[in-house]
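Readers should treat all values here as calculations from the given coordinates under stated rules, not as data from a laboratory. As the structure is a prediction and not an experimental result, all values here were calculated from the model. When we count neighbours, we look across all protein chains shown, and the Cβ atoms used for this are built from the backbone with ideal geometry, even at glycine.
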Amino acid sequence: MARTAHSGAARVPPAQAPGSGMKPRTGLVLLLTLALFFGALSAFVLVPRAQHLRSLHDGVRARATLHKDGSCMLGACEVEFTADGRTVIATLPPGSGGGKQSVGAELAVRHRADDPRVVARDADTGGGGAAVAAVMSGCAALAFLTFALVATFYLTRTRKPT
């Protein structure tokens with residue numbers, strides 16, 4: 001009788017080996033968590049951001065200079081402009097474009113007439129970028145929810161009766 005490398009031990013397929021991979025319910029919870037995250041991001045962050053930017057579309061237009069550069073996408077840019085005869089330094093909202101401009105660059109902004117510290121770049125007041133991000137995040141949420149439903153269906157169909 002020839003000796004084998006396995007010496008008679010039963011070979012367990014890699015998918016059923018203990019400690020390998022993720023349990024099916026863990027994967028399902030992960031999919032549902034991702035769906036919830038992207039849905040909440042869309043509903044509670046990106047849609048209000050787009051509405052805020054659109055609300056400034058009819059604001060007072062002013063010429064501003066970039067006072068402090070940084071990551072405008074994260075809300076770290078400041079602009080300086082004159083409103084009602086006084087100099088105002090205001091922070092651009094997160095998601096603003098124009099991050100590649102250096103300090104002293106001129107740009108057009110719109111601000112609220114009653115509160116000039118609420119400001120956005122004129123090019124961003126359409127809210128299009130935030131609206132597109134909200135739609136993309138919502139689609140990701142729906143995709144993860146669909147994957148979770150398909151996984152649940154698959155798990156219930158392949159479950160062994162006990």
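Summary of computed values
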{"quantity": "Burial ranking of peptide ranges 57-63, 129-135 (average Cβ count within 10 Å, highest at the top)", "calculated": "129-135, 57-63"}
{"quantity": "Spin-label model distance (nm) - Ala40 vs Thr26, 7 Å beyond Cα toward Cβ", "calculated": "2.2 nm"}
{"quantity": "Virtual spin-label span in nm between Ala76 and Met136, 7 Å along Cα→Cβ", "calculated": "2.1 nm"}
{"quantity": "Rounded FRET efficiency, nearest 0.05, which uses the C-beta distance separating Lys68 from Thr152 and R0 of 35 Å", "calculated": "0.10"}
{"quantity": "Rg ratio (alpha-carbon, reference 2.2 N^0.38 Å) - the stretch 23-140", "calculated": "1.29"}
